[in-house]
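Report on the structure given below.
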Amino acid sequence: MKTGTLIRALAADTALGRRPETLLLTGLLVSVGVMLLSLWLTLGFRADLAGAIGDPLSAFRFVLAGSLALISLRLIRDLTRPERAGRVRLWPLAVVLAAALAVMAWAALTTPPEAFRMALFGKTAVICLIAIPLLSLVPVAVIMAALRRGATTAPALAGGVAGLCGGGLAAMVYALYCTEKSPLFYVTWYGLGIIGVTLASALIGARLLRW
Amino acid sequence: MQVERAMAMDDWADLLAAANSGDARAYERFLLSVTPVLRGIVRARGHSLGEAGCEDVVQDVLLAIHLKRHTWTVGAPVRPWLYAITRYKVIDAFRARGRRIDLPLEDYSAELVADPGPDPTEAADMARLIAMLGERSATIVRKIGLEGATVAETGQSLRMSEGAVRVALHRALKALAVLRKRHVE
């Protein structure tokens, strides 16, 4: 078939694909609602919600997870566009990682040796490792759908960043249940949960986001 | 030469903007004017594929541009956008055919020069894939593409409404992109 033939057929098709932005934003708002509802129906919120933000060192988890989600969201917007995907800047994520490790190191230094084990392992590590990936399913699915409407030229990276954003949002929601106080706990277990979601999403993205 | 090329680029932005707001003739002009440039990129890198093989890749790229043209924002430069899509699809096409290719990420200025060669260009894959689309879709694509029929004429001869032909055509082209991927991989 000649290329001119194809071009005539293409030109006759005036239907335009939909841009990803609207789906991304409304979808994520809905996802947050769904995550809050799921948490409320299963684990429930912690009894003293104010206690979640009372202790700055403990509340810092919201800052970490929130900045992770926001930075990733920004990256996702770039990754939907073919010409931007090759040159996204990932260093802001390293800043969040450094802050997480710093607050964890601070906690390690200030926790008395006899309390260290309890501070690190807590009582809910397993629940945390299950809940964060489960909660993240909805936002990650929304972000993947939005990315598919775009044209990313870095499918695995885009998938990974989708996981990071969804994992960050899920961690923020999960923190409304979690009563473990120490950064030793939350950096470790929230972190592992988010990393798991990120790796799985990168693998899925590498297949799902190709076009 | 520089000025001429710069003007052609401005032209691309205008044509693509018009195309994305529904102007089929502007869109056809846009595709016709980018095709030699795409062909230049593909041929410069892929002599080993042969002429028909190269044209297959060019058609891959055109189909991708078509289905992703909404990701270009009015006012943004066309060139980096176009080159990014081209680079992605060319690398993909070569990988699917078991070959490696090295296209620079940044330096697209040197790449975007039209191939001065002639334009004979029969590709191998597309006709076979269209045949896999299913009777009605294949007929629509052929009528409009080969015979140059309008959407309205196609609708009349198939006893379909114009809207139905448009929807079927759009679906057919999307299916074609999926088939191409599955088929060459």
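Summary table
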| read-out | value |
| --- | --- |
| Residue selected from the stretch A:1-52 under the condition in a helix (DSSP H, G or I) and loosely packed, with under 13 Cβ neighbours inside 10 Å, by the criterion modelled with the lowest pLDDT | A:T22 |
| Hits in the stretch A:83-106 (condition: away from every other protein chain (no Cβ under 14 Å) and touching a residue at least 60 places away in the same chain (Cβ under 8 Å)) | A:L93, A:A100, A:L101, A:V103, A:M104, A:W106 |
| Test: residue in the stretch B:150-161 that is at the interface with chain A (Cβ under 9 Å from one of its Cβ atoms) and either at pLDDT below 85 or assigned to a helix (DSSP H, G or I) (or both) | yes |
| Residue under evaluation A:T80, criteria (1) closer than 20 Å to A:V138 by Cβ; (2) away from chain B (no Cβ under 14 Å); (3) in contact with a Pro (Cβ under 7 Å, 6 or more places away or on another chain), criterion not met | (2) |
| Verdict on A:A69 being within 14 Å of chain B (Cβ to nearest Cβ) and crowded, with 18+ Cβ neighbours inside 10 Å | no |
| In the stretch B:29-69, the residues that are touching a Ser or Thr at 6+ places or on another chain (Cβ under 8 Å), acidic (D, E) and within 10 Å of chain A (Cβ to nearest Cβ) | B:E55 |
| Any hit, the stretch B:17-28, residues being of a type outside the set (S, T, N, Q), more than 9 Å from chain A (Cβ to nearest Cβ), in contact with a helix residue (DSSP H, G or I) (Cβ under 9 Å, 6 or more places away or on another chain) and within 13 Å of B:R69 (Cα to Cα) | yes |
| Matching residues in the stretch A:79-89 - criterion: being under 19 Å from A:G167 (Cβ atoms) and in a helix (DSSP H, G or I) | A:L79 |
| Condition met for A:A119 (more than 30 Å from B:A76 (Cα to Cα), assigned to a helix (DSSP H, G or I), among the hydrophobic types (A, V, I, L, M, F, W, C) and in contact with a Lys or Arg (Cβ under 9 Å, 6 or more places away or on another chain)) | yes |
| Matching residues, the stretch A:123-147, being farther than 27 Å from A:L70 by Cβ and either touching a helix residue (DSSP H, G or I) at 6+ places or on another chain (Cβ under 6 Å) or without any contact (Cβ under 8 Å) to a residue 12 or more places away in the chain (or both) | A:V126 |
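The values are calculated or read from the model by the stated rules, or taken from the named source; none is laboratory data. This one's a predicted model, so the numbers in the text were calculated from it and none came from an experiment. Please note: Cβ atoms are built from the backbone with ideal geometry, for glycine as well, and neighbour counts cover all protein chains shown.
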